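The values are calculated or read from the model by the stated rules, or taken from the named source; none is laboratory data. Source: prediction; values computed, not measured. Neighbour counts run over all protein chains shown; Cβ positions are idealised from the backbone, glycine included.
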Amino acid sequence: MAMQLGSSGVKSDINVTPFVDIVLVLLIIFMVVTPMLSRALDVAVPPKVDTPSPVDPTEQLIISVKGPSNPPKVFLNREEIPGGLDGVKDRIEELMKGRREKIVFFTADNDLVYQDVVNVMDKIREGGAQLGLITDENLDVTQGAQ
């Protein structure tokens, strides 16, 4: 230590050399140890399952009832069902024989009599199909059928 003349203060310099040496040693230790700590886990990945493709839109059955004519007109995928309400059950039974998905989508005009709508829905169920309702008023499934 050198003597300073004319100054009566304490020297407050910190020697950082030992601190840097310790930090570098710790850095080297972590660099060496870290690869040893990473352990791989063996994971059994399940085999790929082939899911059936979604239903083709051409295979979907959509029954729509147009009115308010008496009796209302009943359409199956844009084709009018002959016999109207009486032909619905027979046509649905015929179509449900070879199908896995026994779902028929149903839509009706807003100005129809409620009883007519319920009668068509009952005939669809009697034909052996489950019923799905289409509630989109802007969707016209019979466009071009008339």
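Residues in region 47-86 that are at pLDDT 85 or above and of a type in the set (G, A, S): S64 alone.
Every listed requirement among (1) exposed (fewer than 15 other Cβ atoms within 10 Å of the Cβ); (2) at pLDDT 80 or above is met by G144 save one, (2).
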